[in-house]
1. What nm value, rounded to one decimal, do you get for the distance between S25 and R66 when each label is placed 7 Å out toward the C-beta?
2. Just give me a number: lysine pairs in the stretch 1-99, eight or more positions apart or cross-chain, with C-alpha atoms less than 26 Å apart.
3. So what's the net charge close to A74: Lys and Arg +1, Asp and Glu -1, counting the other residues with Cβ under 15 Å from its Cβ?
4. Of the heavy-atom accessible surface of the chain (probe 1.4 angstrom), what whole percent is carbon and sulfur?
5. Just the number please: accessible area per residue for the chain, 1.4 Å probe, all protein chains included, in Å².
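The values are calculated or read from the model by the stated rules, or taken from the named source; none is laboratory data. Given the structure is predicted, the values throughout are model-derived calculations rather than measurements. Glycine also receives a Cβ, built like all others from the backbone with ideal geometry; neighbour counts cover every protein chain displayed. Note: accessible area is taken over every heavy atom of the protein model, side chains too, but ligands, DNA and RNA are not part of it. Shrake-Rupley method; radii C 1.70, N 1.55, O 1.52, S 1.80 Å.
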Amino acid sequence: QVQLVESGGGSVQPGGSLRLSCAASGSIFRIYDMGWYRRAPGKQRELVATITKSGTTTYEDSVKGRFAISRDNAKNTVYLQMGSLKPEDTAIYYCYADLWRLGVPMRSDYWGQGTQVTVSS
């Protein structure tokens, strides 16, 4: 079994900051890419940021300069530091990990349960 558990969501005023965390646990052999998606009400899922095992990052254009993704490989944890938050950042944020489970002959994506981020005055 593999679990991804997110934390850190909540409500914040425009211009505020939040930090999301996502810890992977279970029968993990190796984790490759990790990242965050979000789904806003009435919109399609959107890739927010990704980070490779070596630390190379990518960002969706609307969050560049405001969000920062990082990871702690020793803790199998990925973080998303969100700053200068806007109402349009309101969404459910999901973390994912591209990983190889012990005893399974292929890599797969695993997902967290999602955490709500609400930006409103």
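1. Distance between label points: 3.3 nm.
2. Values: K43/K64; K43/K86; K53/K64; K53/K75; K64/K75; K64/K86.
Lysine pairs satisfying the spacing and distance rule in the stretch 1-99 number 6.
3. On the way: positive: R30, K53, R71, K75; negative: D72.
Local net charge: +3.
4. Details: 3110 of 6470 Å².
Looking at the chain in its full context, I get 48 percent from C and S.
5. Ligands and nucleic acids excluded, the result is 53 Å² per residue.
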